[in-house]
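The values are calculated or read from the model by the stated rules, or taken from the named source; none is laboratory data. What you are looking at is a predicted structure, and each value in this text was computed from that prediction instead of being measured. Don't worry about glycine lacking a Cβ; one is built from the backbone with ideal geometry, like all the others, and counts go over all protein chains shown.
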Amino acid sequence: MEALNTLKKDIPAESLHSIAEKAARIIEYSVDPVVGPPEQPSDGLLYGLIQSGKTSIIIISAAMAADNGFKCMIILTSDINPLYAQTLERVSNALRGLDVLGKKDWEDPVRFERRVRTSPFVVVCSKNTKTLSGLLEAFKSAGGKGARGLPAMIIDDEADQASLNTFTSKGEQEISRINDLITKFRDFFPVNTYLQVTATPQALFLQRPSHRYRPSFTVLSEPGPDYVGGEVFFESESDKPESKLLRIVDLDEVEQLRTMHQPNPADVIPTGLKRALHAFFVGATAKMMQGHGENYAFLCHVSYARIDHRRIVELIDRFKEETMNTLSNSSSGQHHRLIKDLREAYEDLSRTHASKAGLPEFDSIVEKIKFYLPGTKIKLIDSSSPETITLNHVYSIFVGGNKLGRGVTIKNLLVSYYGRNPKRPNSDTVLQHARMYGYRKNEIGVTRLFLPEKLAEHFRIIHQMENALRELVSKHPKGEFEGIYISSPLRPTRPNVLDPNAIGIYVAGGSYNPAYPLRTEEMQERTNWLDLKLAKFDDRSNCKEVTVDFLIDLLEKCVPDPRHGVELWDLKTIRSALDELKSIKGNKAYLVVRRRRNLMAVRRETQGILDSGEDKLAPKDAPTLFIYRQNEIPGKREIAVWWPQIRFPEGNYALAFSFNR
């Protein structure tokens with residue numbers, strides 16, 4: 001395939017093979033563009049990792065779509081102009097055999113209609129209200145039904161960010177403009193596949209199961225061999241309490257960098273930020289001297305406020321000037337302290353630098369720092385800044401907020417100083433800030449992440465949550481699962497895109513039971529099966545240690561009576577929650593069996609079926625199934641059945657899921 005050939009120079013052969021495989025899977029799951037409108041909407045998700053190369057899969061998917069009969073490929077991308085331009089350029093360079101249209105190319109209706117007639121073609125459109133409206137009107141005007149008849153693949157990059165209805169929490173009486181326009185695109189083309197793309201799909205998976213923006217199939221994108229992700233920074237080695245690349249700074253010093261509520265902010269650069277800059281200068285210089293590259297980046301991301309960004313730029317600018325003056329005055333006491341600090345950074349980096357030759361000599365690094373430091377560029381990057389994320393100096397220091405988050409790739413990023421600390425963080429937003437992730441194996445030995453322990457713990461939790469979700473999706477690629485693992489104090493996503501009336505929560509230590517078991521004659525076979533399966537479990541003992549898988553087998557035979565409603569107790573949801581817990585905490589579980597019970601009243605789903613004190617029959621460190629055999633009720637023709645109650649282990653987590661109302 002021509003598109004694969006154009007990517008060869010930047011992507012290893014092994015990764016190219018994986019990219020082609022994932023794109024082929026997307027086409028396999030997509031609507032057949034030849035046979036006509038599908039019976040069910042065709043909507044899916046490409047679930048990648050932060051900075052792992054999702055754009056390459058988007059490009060190859062568009063190429064394969066054209067090869068397989070799709071006539072129109074629409075790629076929806078960022079409204080930030082530099083990011084939009086970057087995507088348009090990459091798509092145009094890779095898909096040289098297709099007409100690729102940018103956002104100026106549908107302003108002329110005559111030319112656009114001609115392009116519609118000469119399909120297949122690709123459109124790259126930013127998610128901007130005016131731009132999307134213009135494109136939709138251009139399609140409506142182009143050849144009447146001719147444009148509507150085009151089989152279309154709509155690829156929505158970062159679909160969880162701007163594409164969902166931001167008024168969902170208010171009941172969806174009002175629909176946000178971008179969401180409304182994307183829905184109109186999906187309705188305009190009767191034959192289409194809508195593919196969402198993101199590394200943070202929490203908001204998508206928490207839509208109602210029947211919702212148009214909850215994916216019905218998912219393709220997991222796996223990174224190439226040089227990818228560096230959360231496991232490097234936030235998984236501890238067996239003999240060490242934390243990653244070798246993580247450096248903890250005081251939370252108070254991060255707060256000092258935020259000036260909004262400080263009448264007289266300090267003008268001294270904090271100790272941790274100074275250490276981070278020293279590590280950057282030493283590491284970047286060492287890599288440059290060893291011929292691994294020419295330009296390197298430092299990232300400071302502690303606030304969303306422009307006043308804070310400007311002050312940090314001023315502090316680092318002053319630090320640069322003071323460092324230059326100190327290096328030029330070798331007889332001063334400041335020079336001695338600076339050399340001592342740089343040597344500490346040098347020795348720290350030496351412990352993780354993988355090269356057999358080690359780092360260059362310390363004195364030669366100091367001389368190079370002295371030479372290159374005057375050319376250091378300190379760049380303010382925020383929503384109003386015209387600056388793009390380019391490296392044209394040996395030392396580039398980027399300071400900013402949200403613009404340094406989602407979708408931005410910072411090449412040769414060596415050192416990050418992170419301090420964004422909202423009171424109630426959203427896990428998807430925090431993960432999108434992980435600019436230190438990416439294809440960085442060549443620089444990993446001199447890479448460092450400086451942040452407070454509290455925020456490091458947030459990232460550890462999110463990394464654990466992400467692993468659990470990806471494992472769940474790998475087992476159920478066609479969406480046959482409910483629920484995502486959320487560890488306190490995090491929220492899964494911003495609340496305004498979720499329907500509060502369609503979200504259920506299993507809390508740590510919480511117990512859940514069917515309101516009432518189904519007790520019809522048709523249940524007799526299931527009761528017999530459970531009688532046989534549980535015969536070896538004494539109902540006078542406290543509990544027996546079993547596996548989560550065994551609990552799931554038992555629960556499959558326990559059917560709730562639908563007349564009394566099913567919300568929290570839904571077998572599909574319970575099974576999904578137990579699967580997630582197993583992937584995080586292991587397969588250990590407890591079973592408590594009791595017989596000869598006479599419960600006849602309907603219960604609330606959180607009321608429980610236990611007698612007083614029976615919750616102490618099992619420890620609380622693993623899932624516990626209390627399963628009690630209820631005697632038959634002859635006068636009511638209700639057979640004997642097993643009534644279950646599941647208790648989730650204690651801890652700082654919740655399991656969120658969505659259900660239809």
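Results, tabulated for the structure shown:
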read-out	value
In region 41-87, residue farthest from Leu431 (Cα to Cα) [restricted to those that are surrounded by fewer than 22 Cβ atoms within 10 Å (Cβ to Cβ) and acidic (Asp, Glu)]	Asp67
Output for region 489-542, where each listed residue is surrounded by 13 or more Cβ atoms within 10 Å (Cβ to Cβ) and assigned to a helix (DSSP H, G or I)	Pro495, Asn496, Val497, Ala502, Met523, Gln524, Arg526, Thr527, Trp529, Leu530, Asp531, Lys533
One residue from Phe481, Phe450 being aromatic (Phe, Trp, Tyr), surrounded by 21 or more Cβ atoms within 10 Å (Cβ to Cβ), modelled with pLDDT of 85 or more and not assigned by TED's automatic domain parsing to the domain that holds Ala199	Phe450
Among (1) in a helix (DSSP H, G or I); (2) crowded, with 21+ Cβ neighbours inside 10 Å; (3) of a type outside the set (S, T, N, Q); (4) in contact (Cβ under 8 Å) with a residue 40 or more places away in the chain, the one test that Val91 misses	(4)
Set Phe139, Phe167: member being buried (at least 23 other Cβ atoms within 10 Å of the Cβ) and of a type in the set (Phe, Trp, Tyr)	Phe139
Ser331, sole failed condition from (1) farther than 19 Å from Arg448 by Cβ; (2) touching a helix residue (DSSP H, G or I) at 6+ places or on another chain (Cβ under 7 Å); (3) of a type outside the set (A, V, I, L, M, F, W, C)	(2)
Wholly enclosed strands (runs of 3 or more DSSP E) of region 547-661 bearing at least 3 residues of a type in the set (Gly, Ala, Ser)	653-658
Filter result (part of a helix (DSSP H, G or I), under 23 Å from the mean Cα position of the chain (by Cα) and of a type in the set (A, V, I, L, M, F, W, C)) within region 72-87	Leu83
Those helices (runs of 4 or more DSSP H) lying entirely in region 100-184 with at least 2 residues of a type outside the set (S, T, N, Q) and modelled with pLDDT of 95 or more	129-141
Unmet requirement for Ser474, which otherwise passes all of (1) farther than 19 Å from Val219 by Cβ; (2) modelled with pLDDT of 80 or more; (3) out of contact with any helix residue (DSSP H, G or I) (no Cβ under 6 Å at 6 or more places or on another chain)	(1)
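To keep it simple, each residue is scored yes or no on (1) in the same structural domain as Gly509 (by TED's automatic domain parsing); (2) buried (at least 18 other Cβ atoms within 10 Å of the Cβ); (3) in contact (Cβ under 8 Å) with a residue 40 or more places away in the chain; (4) touching a Gly at 6+ places or on another chain (Cβ under 9 Å).
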position: Asp615; (1), (2), (3), (4): yes, no, yes, yes
position: Ala618; (1), (2), (3), (4): yes, yes, yes, no
position: Ile627; (1), (2), (3), (4): yes, yes, yes, no
position: Pro644; (1), (2), (3), (4): yes, yes, yes, no
position: Phe648; (1), (2), (3), (4): yes, yes, yes, yes
